[in-house]
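Read the structure below first, then the notes.
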Amino acid sequence: MHRCKLSVLLKSPEAPFICAALLPETGVLPGSRSVASVECSDSSVRLMIGAEDTVAMRAAANSFLRWISAVERSLGEIDAATRRV
């Protein structure tokens, strides 16, 4: 099994929110060729991915990185909207 660890450092304390959003996506991923887990700290998110092959690993890593990006953008929009109110 191929293994990958990714750490994403965040500028603001968004890590707990991002982890909460990612947790439902962890475990055995669709297709059953990869598994993922997430760990949090106050300023980072750590992803651990195991996959049967490099294609499945890359797909899982890209999915999680895109989800992190989407949650960050969403939190930014929510923050901007609450400032306008």
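The values are calculated or read from the model by the stated rules, or taken from the named source; none is laboratory data. Fair warning: this is a prediction, and the values are worked out from it, not measured in the lab. FYI the Cβ positions are ideal-geometry reconstructions off the backbone, even for glycines, and counts take in every protein chain you see.
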- Task: Enumerate the pairs (first residue in segment 72-85 and under 22 Å from SER44 (Cβ atoms) and in contact (Cβ under 8 Å) with a residue 40 or more places away in the chain; second residue anywhere and acidic (Asp, Glu) and surrounded by 10 or more Cβ atoms within 10 Å (Cβ to Cβ)) with beta-carbon separation below 7 Å, excluding pairs fewer than 6 apart on the same chain, so at least 6 apart or on different chains.
- Result: GLU72/GLU14; LEU75/GLU14
- Task: Please state which one of SER69, SER74, SER63, SER44 is at pLDDT below 95 and farther than 17 Å from LYS11 by Cβ.
- Result: SER63
- Message: Cβ contacts < 9 Å: first residue without any contact (Cβ under 8 Å) to a residue 60 or more places away in the chain, restricted to segment 33-60; second residue among the aromatic types (Phe, Trp, Tyr) and part of a helix (DSSP H, G or I), any location; separation 6+ or different chain. Result?
- Response: ALA36/PHE64; VAL38/PHE64; VAL45/PHE64; LEU47/PHE64; ILE49/PHE64
- Which of the residues that make up segment 1-35 are of a type in the set (Gly, Ala, Ser) and closer than 18 Å to VAL71 by Cα? SER7, SER12, ALA15, ALA20, ALA21
- Can you tell me which residues in segment 1-37 are within 19 Å of ARG73 (Cα to Cα) and touching a Leu at 6+ places or on another chain (Cβ under 7 Å)? GLU14, PHE17
- Selection count where residues are of a type in the set (A, V, I, L, M, F, W, C) and either at positive phi or at pLDDT below 90 (or both), scope segment 21-39: 2
